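Derivation of every value follows stated rules applied to the coordinates shown; laboratory data play no part. Everything quoted here is computed from the prediction, not taken from an experiment.
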């Protein structure tokens, strides 16, 4: 191989590498750079198979949308009930069944003192679907915002189904992601963020 052939071979290789990088190819080295630097620096992300990390990254953005939506619904429910019942809203407006389940969860977490708790308020220990039950139990207070109980239950159950897949490290298809997006956008247009 002469010098021109070697130069041509190396140059074509460099061009190929650049083209692959421009298409979004991730390199094994430095995968952690695609995450929050402080968090990524504390985790061994680069130790995992690249394909598993790439799949998890794709679902991370879905997780963000679902988590933000779920927490906004929690804040909405809390705000409406606090305005009506005051500081005792949890006891006055939430069924004993939901309160007991949430309080049991909270008690179990308190036993594991080395782990950060999920929140200060009992509503943080409810399941996502419990929020639609709480709204239904207090429908007269939510009717002006939500308008239709069946629609409210449908939105929350639709997002909750995909939420459970994501929270258990599963992958969603694009149709599922689009369904989540539509549900969340419809909720925001109807109720607010």
Starting from a Cα-only point model with no solvent, please compute log10 I(q)/I(0) by Debye for the stretch 118-163 at q = 0.23 1/Å.
-0.84
Based on a Kirkwood Rh over C-alpha pairs, give the Stokes-Einstein translational diffusion coefficient of the stretch 29-137 at 20 °C and viscosity 1.002 mPa s in µm²/s.
130 µm²/s
